[in-house]
1. Starting from the Cα of Leu123, step 7 Å along the direction of its Cβ; do the same at Arg137; then give the gap between the two resulting points in nm.
2. Would you kindly calculate the mean projected area, averaged across all directions, of the convex hull enclosing the Cα atoms of region 26-100, in square nanometres?
3. Sequence gap of 8 or more, or different chains, plus Cα separation below 20 Å: how many lysine pairs satisfy both in region 26-100?
4. Tell me, what ³J(HN,Hα) does each residue in region 25-39 have, in order and in whole Hz, if you take phi through Karplus 6.51 cos²θ - 1.76 cosθ + 1.60 with θ = phi - 60° and put x for Gly and Pro?
5. Along region 43-57, what does the Karplus equation 6.51 cos²θ - 1.76 cosθ + 1.60 (θ = phi - 60°) give for ³J(HN,Hα), rounded to whole Hz, x for Gly and Pro?
6. How big is the dipole moment of region 26-100 about its Cα centre under a simple scheme where the beta carbon of each Lys and Arg is +1, that of each Asp and Glu is -1, and everything else is neutral? Debye, nearest 20, please.
7. For region 26-100, build the charge dipole from Cβ charges (+1 Lys, Arg; -1 Asp, Glu) around the Cα centre, then report which of Ile45, Tyr66, Leu34 sits farthest towards its positive end.
Amino acid sequence: MARKTTLSVISNGKKKPNGGLKNPRSSGKYDIELGKRIRLRRVEIDISQLGLANKLGITFQQVQKYEKGVNRVGASRLQQIATALDVPVTFFLDDDGLGKRASDGKREVESLLFVDSAFSLRLLRAYAAMKNQTVQRQFVSLIESIAANE
C-alpha cells in the first residue's frame, strides 16, 4: 500500500489578530528616534548608562533598551529622564512627527544627532579643548580638506 505524504501544519490555523501585522503597542521608528535623543543628551553631559539608571531607579539594561528603541518610553518615565538629563521634555519630541524640533534650538539638536559615534564625540571634544581661534580655524580647514579628498 502506498504511503500518503502530508505536510505538517505549523500554525494552529487561526489568523493572527490585526492581520498578522506587528503588535501596535510594540516599539517602532519613533521609539528609536527618541532613544537616539536620550543617548545624545546623556553622552553630551557625560553620564553613563548606569549613572542615568541610578537617577531613574532602574537597571542600566533598561536604559540600553530605551536608547535602542527596543522598549517604549512612557510619559512619566520620559519626564523623569528629562529631569535627570536637565532638559525639557520637548527636547525629545517632534512637534509634528516629521522630524522638526519643537524648540528654538531645533537645528542645534538635530545637527548634534551625528554625535552618535564615539569618533564624532572625540572630534568635538578635541575642537572644544582648543583655546586659540587660529588653531581652531586651521583644525577645521584640515578636516575639510581631508573630507574633500575622500
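1. 2.1
2. Value for region 26-100: 4.6 nm².
3. 9
4. Per residue, the Karplus-derived 3J(HN,Hα) values read 8, 7, 6, x, 5, 5, 5, 5, 4, 4, x, 4, 6, 5, 4 Hz.
5. 5, 4, 9, 6, 10, 6, 4, 5, x, 5, 4, 5, 5, 8, x
6. It comes to approximately 260 debye.
7. Of Ile45, Tyr66, Leu34, it is Tyr66.
All of the numbers you see were taken from the coordinates with simple rules; none came from a lab. All values reported here derive from a predicted model rather than from experimental measurement. Note that we place each Cβ from the backbone using ideal geometry, even for glycine, and neighbour counts take in every protein chain shown.
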